[in-house]
Amino acid sequence: MRKRLWGRPARLIVAAAALAGLAVLVAGTATARTTAAKANCGTVTLNEQAWTGSTANTYVAKYVLEKYLGCKVKVTDIAEIPVYQAMAQGKVDAVLEDWQHVAQYKQYATKQKSVVLEGSNGLTGHIGWFIPRYLLKKYPSFKTWKGLKGHESVFASPEAPQGMFLGGDPSYEQKDTQLIQALGLKLKHVTVGAETAEVARFSQLIAQKKPVIMYWWTPEYRNAEFDLVEVKLPARMKSCQDDGTVKAPLKDFRCAYSSYPLEKVFSSKFVKSGSPAVAVLKRFKWPSNSDQNLVSSWIAGEHMDAQKAAEKYVKSHMSAVNKWLGK
Amino acid sequence: MAASSIAAAPAAVFSHRPWWRSRTTLVAAIVAVMVICHLTLSRTLTWPNSLVWHSLTHYLDNMQNWLAAEGDKTHPSIVYRVIHGISSALDALVRWLYHLLSKWLTWPATTVLGGLLSLRFGGRRAAAIMVASFAAFATLGLWDESMQTLALMLVAVALSLLVGVPLGVLAGRSDRFERMITPVLDAMQIVPAFAYLMPVVIFFSVGPAAAVITTMVYSVPPAVRITSLGIRSVPANTVEAATAIGSTGRQLLWKVQLPLARRLLLLSVNQTILFALSMVVIAGLINTEGGLGAPVTNGLNSNPALAILAGAAIVVMAIALDRVTEAIAERTDPARRHLDVAGRKRARVATVAALAAIAVTAALGHAFSAGAAYSRWTAQDWLLARVQSVLDYVQKPTTFLFNEITNPLGTFLVAHLLQPLDTFLVETPWFVTLAGLTAIAFILSGIRPAATTALMFALIGAIGEWRDAMDTFSQVLVATAIAVVLGIVLGVLAAESNRVSRVVRPINDILQTLPQLVYVIPFVYVFPISYVPGLIASVLYAFPVVVRLVERGVRDVAPPAVEAAGAFGATRLQVLVKVKIPLARDAIMLGINQGLIMVLAVVVIAGLVGSGALGYAVAAGLQRGQFGIGVVASIAILAMGIALDRVTRGNRGTAKGGQG
Amino acid sequence: MIGTPDVDLPRSELRAKTGCVAAVRDVSFDVRPGEVFVVMGLSGSGKSTLVRTLIRLIEPTAGRVEIDGHDVTAASREQLLRLRRHTSSMVFQHFGLLAHRTVLDNVAFGLEVQGVAKSERHARAAEVLKLVGLEDAASQFPDELSGGMQQRVGLARAFAVDPKVMLYDEPFSALDPLIRRDMQDEVIRLQHETGKTMVFITHDLPEALRLGDRIAIMRDGRIVQLGEPEDLVGSPADDYVANFIRDIPRSHVLTLRWIMRPPVDGERLDAPRVPVTTTVRDVVPRLANSEQPVLATEGDRVVGVVDREAVLRAIAGEGD
């Protein structure tokens, strides 16, 4: 087969080469025309973190920058910690939602000054212990942590017969092991792993109307769907510690998690670049938690393309977008 | 006078020990003693705090900060400047290749390039596979991502071979070098990538270079190992003949050993590709051009169906590259496929014609502005909807599958297997566990593996990971046991039946290259119990290698032995059980050994979907910026890996005898 | 080991004591130019090790090897390479051909490692291939040839470098008997045509007797007897050798020297004359045709008388 395919080669080669040369010439002139675009903004690189809210931020910002400023926006998917190094070197321009990576703030923003904290993206992050509402109806005492005492076995599971506390993704800030110990509860802290795994676990328990108590947070687009309520934990005090990996006396963990603004973090190089995108991204702020939840639910709940979801949001929320644009 | 050592006395494989001194009985006895200790002694006897080197984590953190600070200085040291140079060169190389595959060639010419190169060197079947894979990228709507990944993989594989083959040649020619390099290779394969992503980023920044380096850490070892095996497999009499005729060492290497090791060298290309592709997702975490890794990491949270499609594209790429390189290896082997002068001339002409055709297509592509990436009709939306509906079914806790099968099964596994074993290992006093494991290692493999075991588990205790390690250890044991049983059964079946073999092979390939993060998601829903999805991920990743080794072992049993048994009137089953399986013992042991290493390689992924313990600590180390914690947990995984490897490998060692 | 009491230990005790085996020890012999020197022994007797130590494919732990006036054991790396490239050539039991090269390139391999130009080495290789009758197979690959043909390639490769010494390590034991005979004829023919010195290793006594000018019989790493074929058959040094040669038809090996008696004074000297090196077998027809004995001569001199009875006794003694 091959032999016949490549018969009479010499003439064929000459012809092919000639044809190729000609075509390259044609193509060269054809492509030259297409490269003109709105200049001055250039390329902006935004990093999308591994949760849906972040996808919403990134693509809404991308749509705005591309549509109104003529920027070219590149989206990267670098992990949360390495992305600091990327921003320090100017390989990524901005992260639009950072959940308090204090150690990195110290290293990169304070010490090196290679990244700049640009304040809140309009959202308030809050971590806490959550239970489904049907459970609260059955056990009204679960409203506060004190009501859990003595009822731990309600949360029994195959891996924790004494009562399971569903822990969060290892990458998220948490102190539940210490907190459970400090509160003297008999729950066993069970980590099911990444966020997806945690959601899988509790969404199934909720679908079966079974008891569950877990590490969870707001804003999260699914909170309304799941109808979760927060269990009240001891009030915060001065020495309060939220990060379980820090070495601190047990009593310092005996308090609720704090609420904090979700930070925008820019690369210093980007800030100094003079790009018109800098000002717009500095003003980028969700009007409320529910705005991001809305976009997130389109993306993850209805499986809408992120690009289209962003377009839909921008078109229906022009007043917010105009503020970002400084109009 | 001349002296040469000869093989030592045959190992006591078939010794006639009384039943009460058989290995099984002794191990059972030790376990019984451990259980008694577990039941009688206090449960609070965990590894004493005074024996833990607490500041290790701290030192490691400091080291990382120091490295980062060094690298960020305005005038970094020469080491950093060299590394930055390498880094930029790698970045440029990957980007150049990506531009070649997209912008310069345009998508039609890239397809033609893949197809014609495969046709020229691999034959028609290879060409069909290659073109089909490109069609799949287009259909999945992931053309651009695929080209990014392809460019990255080609560079990573080429560099892995550039580093791995020379090292493998050295290892093949020198026993001492092989002994030196083996533990390093083991470490490269066992230490989870999550642990060294941050240092890689500090040295190589984020981008293609960092991704290439991360990938290479995992894909160089197979290149070294298989090359060494290839050099060693060159018939000794040929090497001797070439030596006798006056070849220098270099002539021997270039004219005899490398050409004759060709088949295995190409197999190493093959394995390097598969190993490299299994790193796509993790390498994507530190790459600005994440390729197919990006939709996987991101899709997992917002669009699992897309993650699955991207996983499928990775598998397609792996299988296509595997089959095509294999076909090329077969067809271009001069020892097997003899070309006469006319044939060689025809082949040369075909090469030129193929290049011309590629150039023409590229030119046409530009002329008709076909574009860098295929962006016309795709079946992505349709596929997403289909996959999503399956996921929706899987996520429903009211289905038959969930209620009647997976949920009870998962509960059973956890309640009656994992949980008790975990409790047993965690709560038994540490010195009892340490002594017991050492004794078992001694009975199974002898004094040296036992010493290694004792040392490694003591190290785990000393770095403060005893508890987590016992937790992980219990899961590793269960996962390995399941993978080995499954692997041996399937491997034997595949060896006995070509039909089974044909079905099993693609499944193996898929399981080895499909990112675990992708296929583990459905299991997270179907078995929503911690440990189980991780267990399944480990088993699915580990059993293919067991199948492969067992199949090869059973198939390679010398025909005379089988024939002789047949002549005595043995049935097929008797032949299998009494002749083939015992004779394939070495291959089966190697299967267990490799299965263990594979299980350890997914400890982190397992940790992310509920197995917790060491894997969880490693992942947390990366994601919370706690370098020290991640590294310490990785050391524990490595120590466990070395101990388990030596114990399972010990048997192979004695069976072969002191040939060194 | 030399100079210690271990030197005289039997093999099994030595192994028990040191974990090593002396494959070859206390062996010393000379090979004359143009001679076919056969080393014969059962497997494990050390004969293959012996031939390898000659060109240091196995390094001898002690002792001295000299080839063509050069001390091989003391040779530098370059000298050793020169020796292997130009002075000696070896033919192996399992051929050791390069599977990825044509027959022609295999034969030219020795010249290639010497750095001979391609056209020159191909011409020489073609010439040698003709010598072994394989000129038509030049562009084939080893796996397309039968075992016998492959070994002819091995022979041609060894001859192509025109060595002074040819070393054969059981070259024909992997071949079936008919081909083996052909190949032995081939070696005899080549020996006649080229007159090279040959060291030939075999475990096959008939082969040894057929080819060897002199034969060394090895056992447990030592030479138990060294001599011409008829010496071995006529006067085996010990029971081991005697046992070995038991099945050999003595009449095929023994010459008249072994059965003649001195001429009696006044005996008639007009009987037929035959050279004393004639084998017993070959003299049978003569004796069968006449009642007279024959006279064994060395040059013109009569050295002995052989009569019917002596021949019959020699033949009848076979198989004892």
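The values are calculated or read from the model by the stated rules, or taken from the named source; none is laboratory data. Only a predicted model underlies this, so the values are computations on that prediction, with no experimental measurement involved. Reconstructed Cβ throughout: ideal geometry from the backbone, glycine too, with neighbour counts over all protein chains shown. Accessible surface is based on the protein model in full, side chains and every heavy atom, while ligands, DNA and RNA are left aside. Shrake-Rupley method; radii C 1.70, N 1.55, O 1.52, S 1.80 Å.
Report the A-B buried area as the accessible area lost on both sides summed, probe 1.4 Å, in Å² to the nearest 100.
When A and B are taken together, about 5700 Å² of accessible area is lost.
Just to be sure I understand: with springs between alpha-carbon atoms less than 10 Å apart, which residue in A:TYR257, A:TYR139, A:TYR313 has the highest mean-square fluctuation in the Gaussian network model of chain A?
A:TYR139
Kindly state, as a whole number, the per residue volume in cubic angstrom of the convex hull around the alpha carbon atoms of chain B.
Residue-normalised Cα hull volume stands at 213 Å³.
Would you mind getting the accessible area per residue of the stretch B:77-392, heavy atoms of the protein chains only, 1.4 Å probe, in Å²?
Accessible area per residue: 37 Å².
Under a no-solvent Debye model with one identical scatterer per Cα of the stretch B:77-392, what's log10 I(q)/I(0) at q = 0.07 Å⁻¹?
Listed by q, the Debye log ratios stand at -0.32.
Averaged over every viewing direction, what's the projected area of the C-alpha convex hull for the stretch B:292-422? Give it in nm², one decimal, please.
So the Cα hull casts an average projection of 15.5 nm².
Could you state the principal axis extents of the C-alpha atoms in the stretch C:110-199, from the largest down, to the nearest angstrom?
Dimensions of the stretch C:110-199 along the principal axes of its Cα atoms: 39, 31, 20 Å.
Of A:GLY122, A:GLY70, A:GLY184, which is the most mobile in a GNM of chain A whose springs link Cα atoms less than 10 angstrom apart?
Answer for the Gaussian network model of chain A: A:GLY184.
Let me know the Rg and Dmax you get for the stretch A:171-297 when you use only its Cα atoms, in Å.
That works out to 18.4, 56 Å for Rg and Dmax.
Could you tell me what percent of the accessible area of the stretch A:125-259 is made up of carbon and sulfur, with a 1.4 Å probe and every protein chain present?
C and S atoms contribute 55 percent here.
Report, in listed order, any pair from A:LYS186/A:LYS285; A:LYS62/A:LYS272; A:LYS210/A:LYS285; A:LYS72/A:LYS323; A:LYS188/A:LYS247 with a Cα-Cα distance greater than 30 Å.
Too far apart for the 30 Å limit: A:LYS186/A:LYS285; A:LYS210/A:LYS285.
Can you compute the helix-only [θ] at 222 nm over chain A? Use -39500 (n - 2.57) per DSSP H run of at least 4 residues, normalise by all residues, nearest 500 deg cm²/dmol.
-11000 deg cm²/dmol
How large is log10 of I(q)/I(0) for the protein assembly as shown at q = 0.08 Å⁻¹ when the intensity is taken from the Debye formula with one equal scatterer per alpha-carbon?
The computed values of log10 I(q)/I(0) come out as -1.05.
Which residue fluctuates most in the GNM of chain A (Cα springs below 10 Å): A:LYS137, A:LYS315, A:LYS238?
A:LYS238
Taking beta carbons within 10 Å but only from partner chains, what does the mean come to for residues B:623-635?
Partner-chain Cβ atoms within 10 Å, mean over residues of B:623-635: 3.
What is the P(r) of chain C, as percent of Cα-Cα pairs per 10 Å bin from 0?
Calculated P(r), rounded to whole percents: 5, 22, 27, 22, 15, 7, 1, 0.
I need the Kirkwood Rh of the stretch B:606-651: take the reciprocal of the average 1/r across all distinct C-alpha pairs and report it in angstrom.
11.1 Å
Any number yet on Rg/Rh for the stretch B:453-564, C-alpha, Kirkwood?
Radius of gyration over Kirkwood radius for the stretch B:453-564 works out to 1.10.
Based solely on C-alpha atoms, express the radius of gyration and the Dmax of the stretch A:150-223 in angstrom.
Cα-based Rg and Dmax for the stretch A:150-223 come out at 12.0, 33 Å.
Relative contact order of the stretch B:545-641: what whole-number percent is it, with Cα pairs under 8 angstrom and at least 6 residues apart?
For the stretch B:545-641, the relative contact order is 23 percent.
Output the relative contact order of the stretch A:125-259, whole-number percent, from Cα pairs under 8 angstrom with separation of 6+ residues.
Relative contact order, the stretch A:125-259: 38 percent.
Please give the residues from the stretch A:188-229 for which the solvent-accessible area of heavy atoms, probe 1.4 Å, is smaller by at least 40 Å² with all protein chains in place than with the chain isolated.
At a threshold of 40 Å² (probe 1.4 Å), the residues of the stretch A:188-229 that become less exposed are A:THR191, A:THR196, A:ALA200, A:ARG201, A:GLN204, A:GLN208.
Rounded to two decimals, what is Rg over Rh for the stretch B:370-504 when you use alpha-carbon atoms and the Kirkwood radius?
Rg/Rh: 1.17.
Using only the alpha-carbon atoms of chain A, report the extent along each of the three principal axes, biggest first, to the nearest angstrom.
Reported extents, whole Å, longest axis first: 90, 58, 41.
Relative contact order of chain B: what whole-number percent is it, with Cα pairs under 8 angstrom and at least 6 residues apart?
Computed over chain B, the figure is 21 percent.
Going by Cα centres, the stretch A:258-327 and the stretch B:258-273 are how many Å apart?
If you average the Cα positions of each part, the centres end up 51 Å apart.
Can you give me the long-range amide H partners of C:VAL38? Hydrogens built in the peptide plane at 1.01 Å from N, cutoff under 5 Å, separation of 5 or more residues or another chain.
The list, which skips near neighbours in sequence, is C:PHE200, C:ASP213, C:ARG214, C:ILE215, C:ALA216.
For peptide B:229-238, how many partner chain Cβ atoms fall within 10 Å of a residue's Cβ, on average?
Whole-number average of other-chain Cβ neighbours for B:229-238 is 2.
Can you pull a Stokes-Einstein diffusion coefficient for the stretch B:554-625 at 25 °C (0.890 mPa s), Rh from Kirkwood over Cα pairs, as a whole number of µm²/s?
162 µm²/s
Determine the shielding of peptide A:72-78 by partner chains: average, over its residues, the number of Cβ atoms on other chains within 10 angstrom of each Cβ.
Per residue, the number of nearby Cβ atoms from other chains is 6 on average.
Counting only pairs 8 or more places apart or on different chains, how many lysine pairs in chain C have C-alpha atoms closer than 29 Å?
Number of lysine pairs found: 9.
Within 10 Å, count the other beta carbons around each residue, average over each peptide in C:285-293, A:259-267, and list them highest first.
Per-residue mean Cβ counts within 10 Å order the peptides as A:259-267, C:285-293.
If you find the alpha carbon centre of the stretch A:200-250 and of the stretch B:172-206, how far apart are they in angstrom?
When both Cα centres are located, 39 Å separates them.
Measuring from centroid to centroid over Cα atoms, what is the spacing of the stretch B:501-516 and the stretch A:50-117 in Å?
37 Å
Please check the stretch B:291-306 for residues whose accessible area, probe 1.4 Å, is lower by 50 Å² or more when all protein chains are in place than in their chain alone.
B:ASN298, B:ASN301, B:SER302
In what sequence, highest mean first, do B:307-314, A:320-327, B:260-267, B:351-358 appear when ranked by Cβ atoms within 10 angstrom?
Highest mean packing first, the order is B:307-314, B:260-267, B:351-358, A:320-327.
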